[in-house]
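S.K.: Handing you this structure, nothing more for now.
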Amino acid sequence: MLEVRNLHASIGDIDILRGLNLEVGAGQIHAVMGPNGSGKSTLANVLAGNPQYTVTQGEILFQGQDLLAMAPEDRARAGVFLSFQHPVEIPGVRLDHFMRGAYNAIRKSREEEEMDVLKFDRMLQQRLKIVDVDPPMVKRYVNQGFSGGEKKRAEVLQMAVLEPTLAVLDEPDSGLDVDALRIVAEGINQLRRPDNALILITHYQRILDYLEPDAVHVLMDGRLVRSGGSELALEVESKGYDRIDEWASTPQGGA
């Protein structure tokens with residue numbers, strides 16, 4: 001589904017990704033771990049098409065198409081979804097109106113009839129159960145006054161509504177207590193299908209106890225220096241990133 005080949009990317013004059021390779025198949029969850037500044041969020045933003053980042057070398061294929069040649073809105077319509085590490089507030093825009101606009105924009109791009117308000121609301125009520133969201137929450141302005149847990153649940157709710165083919169979740173576990181983490185993780189699990197895929201960016205192993213990833217990758221200095229199964233996340237959790245030199249000298253593992 002996704003092939004990232006020799007990806008180099010920068011922001012301004014700062015080189016961040018330095019030859020990253022990654023393959024993610026349909027139905028898979030891949031976790032990307034790494035210390036601050038390793039390039040995790042850069043990878044997420046490049047996949048989504050954030051114009052602040054410049055790709056200087058390499059290619060990204062999404063379902064056989066050149067993702068880098070697509071505008072950010074075209075990537076979204078094609079099924080690429082990004083959950084932000086720090087979701088922004090949008091004053092004056094209700095969350096349910098925001099989601100209905102995005103949902104209908106995708107339908108329109110597929111030459112499908114837009115869903116009216118009543119049908120969308122009925123569908124939305126079903127999706128709310130996935131991440132245990134109280135109905136009044138979607139009547140509030142997007143992320144305005146939301147707690148950390150509410151912001152993360154709102155992001156997963158958007159994923160439940162839009163049903164992306166490829167979801168990139170940038171630290172969905174950041175700032176969550178134990179109960180909120182479980183709810184968010186269970187919501188993500190319910191959205192897993194044989195025809196979609198998910199890249200989970202995280203600092204910590206704890207969310208992986210719920211998600212059971214197909215592969216775990218360690219990103220350091222802009223490259224994937226080690227790939228493995230869930231046991232790799234446990235090793236990171238127990239030993240930290242102190243073995244950077246040893247890992248960086250090891251050839252990059254496959255997905």
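S.K.: Cβ under 14 Å from Ser147's Cβ, Ser147 left aside: what net charge do those residues give with Lys, Arg +1 and Asp, Glu -1?
M.R.: -3
S.K.: Further question on the same structure: Listed highest first by mean packing, meaning other Cβ atoms within 10 Å per residue, what order do 63-70, 75-82 come in?
M.R.: Highest to lowest by the protection proxy: 75-82, 63-70.
S.K.: Moving to a separate point now. If you place +1 on the Cβ of every Lys and Arg and -1 on the Cβ of every Asp and Glu, how big does the dipole about the Cα centre of the chain come out, in debye to the nearest 20?
M.R.: It works out to roughly 520 debye.
S.K.: Report, for the stretch 2-248, the % of DSSP beta bridges that are antiparallel, rounded to 5.
M.R.: Of all bridge pairs located within the stretch 2-248, approximately 55 percent are antiparallel.
S.K.: First select every other residue whose beta carbon is under 13 angstrom from the beta carbon of Leu17; then total the charges, Lys and Arg +1, Asp and Glu -1.
M.R.: After counting each charged neighbour, the total is +1.
S.K.: Here is a follow-up. Place the peptides 107-113, 91-97 in order of packing, highest mean first, counting for every residue the other Cβ atoms within 10 Å and averaging per peptide.
M.R.: Peptide ranking by packing, descending: 91-97, 107-113.
S.K.: Ranked from highest to lowest mean number of other Cβ atoms within 10 Å per residue, what is the order of the peptides 231-238, 152-159, 208-215?
M.R.: 152-159, 208-215, 231-238
S.K.: As an exercise, find the ratio Rg/Rh for the stretch 1-134 from alpha-carbon atoms, using the Kirkwood inverse-distance average for Rh.
M.R.: Rg/Rh for the stretch 1-134 comes to 1.01.
S.K.: Would you mind estimating how fast the chain diffuses translationally, via Stokes-Einstein at 25 °C and 0.890 mPa s with the Kirkwood radius over Cα pairs, in µm²/s?
M.R.: 131
Quick note: the coordinates plus some simple rules give every number you see, no bench work behind them. What you see is a predicted model, and the numbers here were worked out from it, not measured in a lab. Methodologically, a virtual Cβ is constructed for each residue, glycine included, from the backbone with ideal geometry; neighbour enumeration extends over all protein chains shown.
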